[in-house]
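Just so you know, all these numbers are worked out from the coordinates, no wet-lab data involved. Computed from a prediction, not measured in an experiment: that's the story for all the values here. Because the Cβ atoms are built from the backbone with ideal geometry, glycine has one as well, and the counts that use them run over all protein chains shown.
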Amino acid sequence: MTLVKMKEILEHAEANQYGVGAFSVANMEMVMGAVRAAEELRSPLILQIAEVRLKHSPLHIIGPAMVAAAKAATVPAAVHFDHGLTEEKIREALEIGFSSIMYDGSHHPLGKNIAETQKIVAIAREYGATVEAEIGQVGGSEDGSVDLEVLITSTEEAKQFASETMIDALAIAIGNAHGMYKGDPHLRMDRLEEIHAEVDIPLVLHGGSGISEKVFRKCIHHGIRKINVATSTFNQVVNMVNEEAPFHNFFSYHESVIEAAAENVKRHIRMFQSDGRVEEVKAYV
Ligand code: 13P
């Protein structure tokens, strides 16, 4: 298979009532681990990196690796630019070949978020790329640098935002937060249900690390199609490498990073029920 549009993966998930993980990666080993997991479980895959992470993993290096891995994968894979903040970096990702981008204008008032998102949609369309945008405010922050409070997405605003921006996927805030949750996350299923009834594009749940299988299933039942997972993969890699340390050989360390990333990705693929879907998705896209 090859690089596909995220829109097509999400549409298939919508038609068949399952979720697809968007797995954050920071280096080549993590990219390889995510692809290995998806290939083993025959699941469609979304590989992603957020703009705030580029200080560790420069886009001109990690981006081409992600696109190359997606192209060579035996499963349909999309490459997504997560939490795009600047037009400059979004354009760079599109030039590299990302098939999907997120513009995050959720910190702006609604009118400005709509106007800025519309500009990015026009740019992404030149490349045939999928666009995700956010309304409301997911708690925490992608790299943990600030602790934003959760602002629950309003159903009315979600409806207006989706119709005026013509985006392909909508990230909503229903009590979800980036990073590990302090206690059990309390997600507003009532609000998710309402938004799903009013907005007819796939919905995205950020802050996937630490949510239980039962809650994921409920979210999927009520319309979540893309689920972002970052922290738990980073933690799994660190924990597994620490357990297996000391390494006396670089290449066994390298394999351990790949395997740790693959394990966390596989665990989520199973919870999201995207395993075993490759043949149907291939026929669809
Ligand atoms: P977690 O780090 O909580 O998994 O969130 C990931 C995310 O939403 C990336 O956008």
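Kindly provide the helix-only [θ] at 222 nm of the chain, computed as the sum of -39,500 (n - 2.57) over DSSP H runs of four or more divided by all residues, to the nearest 500 deg cm²/dmol?
-15500 deg cm²/dmol
Taking 8 Å as the Cα distance limit and 6 or more residues as the minimum spacing, I'd like the relative contact order of the stretch 150-285 as a percentage.
It comes to 20 percent, rounded to a whole number.
What's the angle, to the nearest 10 degrees (0 to 90), between helix 110-126's Cα axis and the longest principal axis of the chain?
60
Can you report the principal axis dimensions of the stretch 35-75 using only the alpha carbons, biggest first, rounded to whole angstrom?
Projected onto its principal axes, the Cα set of the stretch 35-75 covers 32, 16, 11 Å.
Taking a spot 7 Å from the Cα of residue 52 along the direction of its beta carbon, which residues of the stretch 135-168 have an amide N less than 11 Å from it?
Zone members listed by number: 138-149.
Evaluate the relative contact order of the chain (contact order divided by residue number), counting alpha-carbon pairs under 8 angstrom at least 6 apart; express in whole percent.
Once normalised by length, the contact order is 25 percent.
Rounded to the nearest 10 degrees, what's the angle between the helix 231-244 long axis and the longest principal axis of the chain, both from Cα atoms, 0 to 90?
Taking the Cα atoms of the chain, the angle to 231-244 is about 10 degrees.
Fewest Cβ neighbours within 10 Å first, please rank 155, 74 accordingly.
74, 155
On full extension of the chain, what length is gained from residue 212 through residue 152, given 0.36 nm per residue of separation minus the C-alpha to C-alpha distance?
Full extension from residue 212 to residue 152 adds 19.6 nm.
Among 53, 217, 125, whose mean-square fluctuation peaks in a Gaussian network model of the chain (Cα, cutoff 10 Å)?
Among 53, 217, 125, the largest mean-square fluctuation in the Gaussian network model of the chain belongs to 125.
Stokes-Einstein diffusion coefficient for the stretch 97-249 at 10 °C in a medium of 1.306 mPa s, Rh from the Kirkwood formula over Cα pairs: what value in µm²/s?
In µm²/s, the coefficient rounds to 97.
What full-extension length gain, to one decimal in nm, is calculated for residue 74 and residue 123 as 0.36 nm per residue of separation minus the Cα-Cα distance?
That pair, residue 74 and residue 123, stretches by 14.7 nm at full extension.
Averaging the inverse of every distinct alpha carbon separation and then flipping it gives the Kirkwood radius. What is it for the chain, in angstrom units?
Here the Kirkwood hydrodynamic radius works out to 18.6 Å.
Can you give me the long-range amide H partners of residue 48? Hydrogens built in the peptide plane at 1.01 Å from N, cutoff under 5 Å, separation of 5 or more residues or another chain.
It is 23, 24, 25, 80, by chain and number.
If the viscosity is 0.890 mPa s and the temperature 25 °C, what Stokes-Einstein diffusion coefficient in µm²/s follows for the stretch 14-173 when Rh is the Kirkwood radius over Cα pairs?
Stokes-Einstein gives a translational diffusion coefficient of 151 µm²/s.
Answer rounded, prolate or oblate for the stretch 104-146, using the Cα gyration tensor with square roots of eigenvalues a ≥ b ≥ c: rounded when a/c is under 1.5, else prolate when a/b is larger than b/c, else oblate.
Oblate, because a/c is 1.5 or more while a/b does not exceed b/c.
Net charge near residue 258: determine it from the other residues with C-beta under 9 Å of the C-beta of residue 258, scoring Lys and Arg +1 and Asp and Glu -1.
With Lys, Arg at +1 and Asp, Glu at -1, the net is -2.
Among 234, 247, 98, what is the fewest-to-most ranking by other Cβ atoms within 10 Å?
247, 234, 98
Taking every DSSP beta bridge that has both residues in the chain, what percent is antiparallel when rounded to the nearest 5?
5
How would 107, 248, 83 line up from fewest to most surrounding beta-carbon atoms within 10 angstrom?
In increasing order of surrounding Cβ atoms, one gets 248, 107, 83.
Between rounded, prolate and oblate, where does the stretch 90-184 land on the alpha carbon gyration tensor, with a ≥ b ≥ c its root eigenvalues, rounded for a/c under 1.5, else prolate if a/b exceeds b/c?
It is oblate, given that a/c is not under 1.5 and a/b is not larger than b/c.
Relative to the longest principal axis of the chain, what angle (0 to 90°, nearest 10) does the C-alpha long axis of helix 250-272 take?
40
Taking the Cα centre as origin and putting +1 on Lys and Arg beta-carbons and -1 on Asp and Glu beta-carbons, what dipole magnitude results for the chain, to the nearest 20 debye?
The calculated dipole for the chain is roughly 360 debye.
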